[in-house]
Structure formats: structure tokens, C-alpha cells
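The values are calculated or read from the model by the stated rules, or taken from the named source; none is laboratory data. The structure displayed is predicted, hence computed values, not measured ones. Note that we place each Cβ from the backbone using ideal geometry, even for glycine, and neighbour counts take in every protein chain shown.
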Amino acid sequence: MSARHPLGFSWPVLVALAALAAPRVVLHDLGAIEEGSVVNGLFVFLPPAGWIAAVLWKRPPRPFATVVVIGAIYGVFLALGHQLLWDAAFRGNAPTLGGNLAGMDPGAQEIALRSAAVLSSLVTGALVGVVTAAVALLLCRVVPASPAGHRSGA
């Protein structure tokens, strides 16, 4: 394990791996791809598959932690993307709180909803990271490392 890269990758590489999943956020929020479509499925599953492939190729000392960190960074991208594209995603029909909170100030409602969206995005990224990390860890244990495999640097 490198003291410089305890997760097996440099921070720029970890951020780049997480950024592989960012285009889906933009395309989804802009309405360019639809839930349940094949294209959406590719944008959902290919980035985590890339994270797994990178871990299998590099064989970092802590593959589970490495992929969880990538997922957490993805959660930050998810939160930022949703916040930046909030108006476009809702096309001028932003959600509001109902029920007993219907009399709440619209500005306060927006702050509450945007805060919930940020939290949800961070949790989603972390959970995607944990699930993908579990698959990566399992595959690291059952798929033999390449004799020419890379184990340090980046």
C-alpha cells in the first residue's frame, strides 16, 4: 500500500472515475433520456462497471473502500447536478410541500426540498458505491489478478 495513494488511485483518478456517472444526471434532469430505456440503463450500469474494471485492473489494497469513496464522490456530483439543473428538471413546476405545511413560505419550502435532494443524492451515491464495492470485492477474490497487473501508482 502506497502512503501516497492508500486507495490505490490518486484523487484526480478517483474523481474521474466518479465523473463517469455524471452525464446521466445531466441527461436525466434535462429530459434527454427516459427511465426504463436501454440508453438510461447503459448510463446507469456502465459507470459502476467501469469502477469495477478499474479495481480489477489496478488491484488496490482496499478495493471496497476505494469503490465506496468513488461512490461518495459520485454522490457529490449527483447533488451538484440536481441543484444546478433544478429548474430545468422541473420545467418551471418545482415541487412544493403539501398537507399541514402548505402555508409554509415558498422560499422555505424550496430550501427544505433542495436540502432533502442534496441529502438524498449523497446517500444514493454512497449506496451505489457500497453495492458496487461489494461486487468489486467479490470479483477481486474470485478473479485472479493478471500477472502483468498493476498494483501501485496512478
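Which members of the range 88-110 meet the condition of being of a type outside the set (Asp, Glu), exposed (fewer than 11 other Cβ atoms within 10 Å of the Cβ) and at pLDDT 80 or above? Listed by number, the residues that qualify are 91, 93, 107.
Mind checking whether some residue in the range 76-87 is in a loop (DSSP other than H, G, I, E, B) and at pLDDT 90 or above? For the range 76-87, residues in a loop (DSSP other than H, G, I, E, B) and at pLDDT 90 or above: present. Scanning the range 38-63 for residues that are within 17 Å of residue 14 (Cβ to Cβ) and within 15 Å of the chain's Cα centre (by Cα) yields 47, 48, 49, 50, 51, 52. With respect to residue 48, determine if the residue is modelled with pLDDT of 95 or more and exposed (fewer than 14 other Cβ atoms within 10 Å of the Cβ). Spelling it out, it is not the case that residue 48 is modelled with pLDDT of 95 or more and exposed (fewer than 14 other Cβ atoms within 10 Å of the Cβ). Just to be sure before I move on: is residue 71 in contact (Cβ under 8 Å) with a residue 60 or more places away in the chain, crowded, with 16+ Cβ neighbours inside 10 Å and within 23 Å of residue 27 (Cα to Cα) in the structure I sent? Considered against the rule, which asks whether it is in contact (Cβ under 8 Å) with a residue 60 or more places away in the chain, crowded, with 16+ Cβ neighbours inside 10 Å and within 23 Å of residue 27 (Cα to Cα), residue 71 comes out as yes.
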